[in-house]
Amino acid sequence: MSAHILAAVSTVDALTFAVSALIVLAGAVGVVVSRHPVHAALMLVMTLFGVAVLFVEQRAEFLAAVQVIVYAGAIVVLFLFVIMFLGVDRRESVAAEPLRGQRPLALVLVVLGFAGLVVLGAEAHWSVGAHSVAGVARGQAGGNVAALGRAVFTTYLFPFEVTAALLVIAVVGAVVLARRPPRIAPPTEEVPFEGADVARPASGEPGGSERRADGEPGGGRADGEPAEPVRVGSPSDPRPGGETSVEVSR
Amino acid sequence: MSPAHLLTAALSVSAVRGGTLSLPHIDYLTILPELIFLGGALVMLLHSALIRRTMDAATSTSWALSAATAALVASLVQWYEVSAHGPKVAVAGAVAFDGFSVFVTILVSSATLVAILISHSWLEREGVRGPEMQALMLVSAMGAMLMGAANDLIMVFLGLEILSIALYVLAAFDHRRPASGEAALKYFILGAFSSAVFVYGIALVYGATGTTNLPQIADFLSRNLLLHNGLLLGGLALLLAGFCFKIAAVPFHMWTPDVYQGAPTPVTGFMSAIAKVGGFAALLRVFVSSFGLLRADWQPAIWVIAALTLLLGASVALVQRDVKRMLAYSSINHAGFVLLGLQAATSRGVSDSLYYLFAYAFMALGSFAVVSIVGAKGDGNHRLDAYRSLGRRHPWLAAAFTVFLLGQAGIPFTTGFLAKLAVVEAAVEAHSVWLAGIAMVSAVVAAFFYLGLVRLMWAAPAADAPVAGAPAGAMASVGAATASMQPAERVSAGALASPVGTAAGQVSGSAAGSPAGAGSTSGEEAGSTSEETEEPALSTPLGVGIAIALCAGVTVVFGVIPAPLLDFAHQATLLIR
């Protein structure tokens, strides 16, 4: 960091930065170390608030507001919904690795990513930004919030309106997916999903788990008696997604 | 009008003076088809919310058909307007109004019209009520239109998302088959990932050029020589990856067979036509008009992707035993052909790609309309055996399917032949002779499975063959072309193991025999048919019949009299080249 940048930073700025950076880091560490998922989510809120303060510090008021409204307000609340929905008291065993080799791989990737950041910072000349947009926002009356508001109603009017259509459709789609007509029973017969080698979880319903592995439909139900599905992998097997039920009828 | 002049016209509306906001002028004609589709979908949903009962298929189809017809008329008016007054940039530079965008709009609205007819028959047959399927189709098609008309990377992204989100839901529409939900989940996860990649690409391109507006990007690149364009090339690569996912080009094709197989058949047909048209429209516009100056950088990448897509699509389709999976790989193969036009990077190539998309969309819709009928109630009867001697039982259906398959194989007197010829010519003109050779090889390989299926329909032995021998024999005839006997062995083993015989009638009979309301009657029907013919009696309802006739008409009439459609495609030029 060169000297003239440091000189431009006032004491208040430096102090704000230090405090909010501390909050951000403390929150981030809290997310990782807290044993309770609700606590982790609340720690995430703390981190996001700290980042919002950093945005204000950088004169990015709009981003700060969006950070609080969207991330801290909507997304973390969604996390909490999911946590509450799954059961607050459920403890995940952190020691078990869901994917083998995940942690060393994650470490390697983090090191690589960080190295990439450092290289990018050092070799900044290859990223040739055309003309800075920050200056445009700063020069206008009302700061970047007003500038963004103007852009939304002039240059980006049509994208803005189209976004509304996108949101409407997302709601309609969510309703279609969530609503199950009560008269439709679980499937009794299924032409198998040939060639799909991805393990699929058993549906858990008594009629929904029959699925033949040999790629040929029918058969088991042809004589009218429901064949007993033989489960490969016991139900208590904790592997996620690895539970496949196979019906043997020969 | 020069591009620079258009730019200043687009920018002047965003000038803000002294706190007053000068709102942009909105030329509603330029976005009329999109508005009609969105309005139609909203009216359908509102109507169904206001009536006491769940809306039946006839009502929702009438709404959707009216919307699609109105949009088609509006897009024809747009074509007249473009021909008379020339292209322009509209709605504050967000929308390009040129021959290209109007061609895409006409294609999308007519393809949607056909898809709605197919979906009507599916809704009636499966007893699904409610306007949601067709409303989502309308909105999804609106997304494809927006991608064709987008003049800004943000508009491309919004069009892509509207198209995709509606398609994710449509893929999961069949609640009774878990495969449908699984297809939607795969499509959603991979699609969301590719959207993220795409947005990252937009961000990098914005970082490098300072704008997301497509003509402004072209303008920036023509006025500035970038000494270090790593950021821009990175952004281009990410944009290309996002597009290639949407058009199902290798190596971003993994989702295609599973999603095509799992989704309800009318949705598969809609998806195969509309998603490809939308994806290719935006891909062509972004790469040819905005990044045309960088073509030396992206042409080799397209070369490799096109070659891989052509070869893998054709060769893997050979060994498929499910007709929907086979058509999925065939659609991958077609994507490779459309990429030939992009690789040429000439205005001729763009027109030929558009022509190919037009031909492909109707052949794909027609094929999936036939598949939807043969799939019978339950939409599960999609093995290749089901098509064995279809020509004897349903000659008209088999004849129509033969037309679509021959068209896709590129037999003369169909649009498919002319389309293949056009893109190969464009590739040769652009000195990509090797790629043109690969395309022709892949067309020959692809002809094997198209003609194999035609042969299965017409030339296979009679249906009263022994039960266990029937599927094995049918597979052997395909296996002769594929030289892969493993599927035949597996099928015959399964047939021998089952006590009664695993005819397709049994499948649909027990699928329909779920504890639903219609369980008893359809169970009896299926039982009786399974005794007599093994195959379910197929009925061709009016809606899907009209759809098949329309598609076959387009394929044959424009194949025999190609001049009007070729002229049409060659007039559909980009605003900026």
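Is it the case, given these coordinates, that B:Gly341 is more than 19 Å from B:Gly410 (Cα to Cα) and in contact (Cβ under 8 Å) with a residue 24 or more places away in the chain? No, not satisfied.
Just checking, does the range B:87-101 include any residue being assigned to a helix (DSSP H, G or I) and surrounded by 24 or more Cβ atoms within 10 Å (Cβ to Cβ)? Spell out the reasoning first.
Our first condition is that a residue be assigned to a helix (DSSP H, G or I); within the range B:87-101, this holds for B:99-101.
Next cut, surrounded by 24 or more Cβ atoms within 10 Å (Cβ to Cβ) only: B:100-101.
The answer is yes; a qualifying residue exists.
Kindly check whether there is at least one residue in the range B:356-376 that is modelled with pLDDT under 90 and surrounded by fewer than 24 Cβ atoms within 10 Å (Cβ to Cβ). No, the range B:356-376 contains no residue that is modelled with pLDDT under 90 and surrounded by fewer than 24 Cβ atoms within 10 Å (Cβ to Cβ).
Quick one: would you say B:Lys186 is surrounded by 24 or more Cβ atoms within 10 Å (Cβ to Cβ), part of a helix (DSSP H, G or I), basic (Lys, Arg) and in contact with a Gly (Cβ under 9 Å, 6 or more places away or on another chain)? So B:Lys186 does not fit the description; no. Of all the criteria given as (1) touching a residue at least 12 places away in the same chain (Cβ under 8 Å); (2) among the aromatic types (Phe, Trp, Tyr); (3) over 30 Å from B:Ala115 (Cβ atoms), the one not satisfied by B:Phe220 is (1).
Restricting B:Tyr329, B:Tyr360 to residues that are more than 14 Å from chain A (Cβ to nearest Cβ) and under 14 Å from B:Ala446 (Cβ atoms) narrows the list to B:Tyr360. The single condition among (1) crowded, with 22+ Cβ neighbours inside 10 Å; (2) free of Cβ contacts under 8 Å to residues at least 40 places away in the same chain; (3) of a type outside the set (Phe, Trp, Tyr) that B:Asp174 does not meet is (2).
Residue-level analysis places B:Ala436 outside the set of residues that are without any contact (Cβ under 8 Å) to a residue 60 or more places away in the chain, in the same structural domain as B:Val556 (by TED's automatic domain parsing) and in contact with a helix residue (DSSP H, G or I) (Cβ under 9 Å, 6 or more places away or on another chain). The residues of the range B:195-224 that are closer than 20 Å to B:Ala92 by Cβ and of a type in the set (Phe, Trp, Tyr), listed by number, are B:Tyr206, B:Phe220.
Looking across the range A:146-168, the residues that are within 7 Å of chain B (Cβ to nearest Cβ) and closer than 16 Å to B:Gly143 by Cβ come down to A:Phe158, A:Pro159, A:Val162, A:Thr163, A:Ala165, A:Leu166.
For first residues located in the range A:1-28 and farther than 13 Å from A:Val53 by Cβ, partners that are at pLDDT 65 or above and lie 6+ apart or on another chain with Cβ distances below 6 Å form the pairs A:Ala28/A:Thr47.
Under the condition of being in a helix (DSSP H, G or I), within 8 Å of chain A (Cβ to nearest Cβ) and closer than 24 Å to B:Ala84 by Cβ, the residues counted in the range B:21-40 number 1. Given the structure, is B:Leu167 of a type in the set (A, V, I, L, M), in the same structural domain as B:Tyr206 (by TED's automatic domain parsing) and touching a strand residue (DSSP E or B) at 6+ places or on another chain (Cβ under 9 Å)? The answer is no for B:Leu167. Can you name the residue in the range B:290-319 that is buried (at least 24 other Cβ atoms within 10 Å of the Cβ) and polar (S, T, N, Q) and is also farthest from B:Gly349 (Cα to Cα) among such residues? Ranking the qualifying residues of the range B:290-319, first place goes to B:Thr309.
For the range B:234-281, a residue qualifies if it is over 14 Å from the mean Cα position of the chain (by Cα), of a type in the set (A, V, I, L, M) and not in a loop (DSSP other than H, G, I, E, B), and the qualifying residues are B:Leu236, B:Ala237, B:Leu238, B:Leu239, B:Leu240, B:Ala241.
Select from the range B:41-76 the residues that are assigned to a loop (DSSP other than H, G, I, E, B) and of a type outside the set (A, V, I, L, M) and list them in ascending order. Give the steps one after another, and end with the answer.
Step one: filter the range B:41-76 for residues assigned to a loop (DSSP other than H, G, I, E, B), giving B:51-56.
Hits for the range B:41-76 are B:Arg52, B:Arg53, B:Thr54, B:Asp56.
One line per residue, one yes/no per condition, for (1) in contact with a helix residue (DSSP H, G or I) (Cβ under 7 Å, 6 or more places away or on another chain); (2) at pLDDT 75 or above; (3) facing chain B (nearest Cβ under 7 Å):
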{"position": "A:Val119", "(1), (2), (3)": "no, yes, no"}
{"position": "A:Ser127", "(1), (2), (3)": "yes, no, yes"}
{"position": "A:Pro182", "(1), (2), (3)": "no, no, no"}
{"position": "A:Pro187", "(1), (2), (3)": "yes, no, yes"}
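Can you tell me which residue among B:Leu117, B:Leu138, B:Leu113 is of a type outside the set (Val, Ile, Thr), under 22 Å from A:Val171 (Cβ atoms) and surrounded by 21 or more Cβ atoms within 10 Å (Cβ to Cβ)? Steps first, answer last, please.
Values: B:Leu117 fails: under 22 Å from A:Val171 (Cβ atoms); B:Leu113 fails: under 22 Å from A:Val171 (Cβ atoms).
Answer to the check: B:Leu138.
For residues in the range A:32-55 being of a type in the set (Val, Ile, Thr) and buried (at least 17 other Cβ atoms within 10 Å of the Cβ), which is nearest to A:Ala147 (Cα to Cα)? Walk me through it before giving the result.
Let us first name the residues in the range A:32-55 that are of a type in the set (Val, Ile, Thr), namely A:32-33, A:38, A:45, A:47, A:51, A:53.
From the residues that got through so far, the ones that are buried (at least 17 other Cβ atoms within 10 Å of the Cβ) too are A:45, A:47, A:51, A:53.
On the way: A:Val45: 28, A:Thr47: 27, A:Val51: 22, A:Val53: 20 Å.
Among residues in the range A:32-55 that are of a type in the set (Val, Ile, Thr) and buried (at least 17 other Cβ atoms within 10 Å of the Cβ), the one nearest to A:Ala147 (Cα to Cα) is A:Val53.
Scanning the range B:137-172 for residues being part of a helix (DSSP H, G or I) and acidic (Asp, Glu) gives a total of 1.
The values are calculated or read from the model by the stated rules, or taken from the named source; none is laboratory data. Just so it is clear, the structure is predicted and the values come from calculations on it, not from any experiment. Note that each Cβ is placed from the backbone with ideal geometry, even for glycine, and that neighbours are counted across all protein chains shown.
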